[in-house]
Amino acid sequence: MTLIASLDVGSNTFRMLIAEIREDRIIEVYTGRRITRMGDGVNETGSLQERNMEDSLAALGEFSSILAEHHVEQVRAVATSALREASNAGVFLRKAFAETGIRIDVITGRQEAKLTLKGLLASFPGSAFKSPNAAFIVDIGGGSTECIVYRDHRVVFMQSLPVGVIKLNARFLRSDPLVQEDISDMDSEILSLLKGLHMKMGNAVTQHTKFIGTAGTFSTLASIDLGLDSYSGERIHLHTIPLERLQEMSRRLISLPLGERKKVTGLEPERADLIIPGLHFTINTMRLFHFPSCTVSEHGILEGVLREVHEKNISETGKS
């Protein structure tokens, strides 16, 4: 069994997937994640903070040991917003390779969006987005948000926005308990960005377009909605949440001080401060584009990276 691993070195969370690809199917062997908050402070200072780098290197060290245990033959790690923007990203990349043996590629927002799309599409039937049906796919990260409209086997629109939950939280949500004025200011900022996006998209989104969210924010919203005591990718994948339920969730979470929010079933304590920005980005998107519900996909950039490596192997060897 030839194993491939993909790593998503994100601004908030590091994730790893080890799998075999057999007859175009991903056979999962291991999946894991560590919340390192690597992007904390980057927007304010322009650089990675020492404590976050240490936590991030420790997470990569754990992943490196797991890779060795599974005798993984190929590894590809990709990094997103935090390492795109930090002035000392090179220092971290060199330390990561020297201490763990993991070489990290820093990818652009557009590359990130393409890999997310590649991984996500494989989890839907080939006919799912045949005209007039389409998908508006959103990946809210710690430092950036990728938006894609996909229809008839092609990308109709793609944009990476320089905003994410870490940035929104640091800029707007500094009090505990939360203050409504701060929430309103954050909503205004989100809406301004979304309206600009809407203008660029033109008529790409219609009444036939399905809203799909992938990655941490959306998985967490699904976990809260399902009331999961422990994480379950199988239950989260393709779970659909109506807008009304997300609005109820917002009212409930905003009413709680951070300490109480950390106890909410389905919400990892490390995400308790970041879930509000992600939730409000989602709600504002759904209101502006008139989406009645959101479907959550557990498949995204990790699966996309795996498939890209697999496709490259096929092209080089001629074997599937």
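No value in this document is a laboratory result; all are computed from the given coordinates. As the structure is a computational prediction, the values presented were derived from the model and not from experiment. With ideal geometry, Cβ positions are generated from the backbone for all residues, glycine too; neighbour counts draw on all protein chains shown.
Laid out as a table, the results:
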read-out: Gyration tensor verdict on the chain (Cα atoms; rounded if a/c is under 1.5, prolate if a/b is larger than b/c, oblate otherwise); value: oblate
read-out: Least to most buried among MET286, MET53 (fewest other Cβ within 10 Å first); value: MET53, MET286
read-out: Among 303-314, 259-270, the order from most to least packed when residues are scored by Cβ within 10 Å on average; value: 303-314, 259-270
read-out: Cα centroid separation, the stretch 214-286 to the stretch 1-61 (Å); value: 21 Å
read-out: Full-extension gain in nm, ARG110 to THR265, via 0.36 nm per residue minus C-alpha separation; value: 52.4 nm
read-out: Most mobile listed residue (ARG33, ARG252, ARG151) in the chain, GNM with C-alpha springs under 10 Å; value: ARG252
read-out: Per-residue ³J(HN,Hα) for the stretch 238-255, Karplus 6.51 cos²θ - 1.76 cosθ + 1.60, θ = phi - 60°, Hz, x for Gly and Pro; value: 6, 5, 10, 10, x, 4, 4, 6, 5, 5, 5, 4, 4, 4, 5, 5, 5, 6
read-out: Distant-in-sequence amide H partners of PHE157 (H built 1.01 Å from N, under 5 Å); value: VAL149
read-out: Three-way shape label, the stretch 54-111, alpha-carbon gyration tensor, a/c 1.5; value: oblate
read-out: Under Karplus coefficients 6.51, -1.76 and 1.60, residue-wise ³J(HN,Hα) of the stretch 211-216 in Hz, glycine/proline x; value: 8, 10, x, 9, 5, x
read-out: Separation of the SER315 and LEU226 label points, Cα + 7 Å toward Cβ, nm; value: 3.5 nm
read-out: Packing-based order for 61-69, 138-146, 273-281, 13-21, using average beta carbon neighbours within 10 Å, highest first; value: 138-146, 273-281, 13-21, 61-69
read-out: 5 angstrom amide H check on ALA134, placed H, neighbours 5+ away; value: THR209, LYS210
read-out: Relative contact order of the chain, defined on C-alpha pairs under 8 angstrom at six or more residues apart (%); value: 19 percent
read-out: Choice from LEU193, LEU117, LEU83 with maximal GNM fluctuation in the chain (Cα, 10 Å cutoff); value: LEU193
read-out: Inverse mean reciprocal Cα-Cα distance (Kirkwood Rh) of the stretch 1-79, Å; value: 13.4 Å
read-out: Backbone HN-Hα couplings from phi across the stretch 293-306 [Karplus 6.51/-1.76/1.60, Hz, Gly and Pro as x]; value: 7, 10, 9, 9, 10, 7, 9, x, 5, 4, 5, x, 5, 4
read-out: Within straight-line cross-link reach of LYS130, lysines at Cα separation under 24 Å, skipping those fewer than 8 residues along the same chain; value: LYS114, LYS118, LYS200, LYS210
read-out: Residues with amide H under 5 Å from that of SER47, placed H, sequence gap 5 or more; value: SER87
read-out: Equivalent ellipsoid semi-axes, the stretch 226-274, via Cα gyration tensor eigenvalues times 5, rooted, Å; value: 19, 15, 7
read-out: Antiparallel DSSP beta bridges within the stretch 40-152, as percent of all bridges there, nearest 5; value: 65 percent
read-out: Ranked ASP105, ASP40, criterion: other C-beta atoms within 10 Å, fewest first; value: ASP105, ASP40
read-out: Shape call, the stretch 124-298: gyration tensor on alpha carbons, a/c limit 1.5; value: oblate
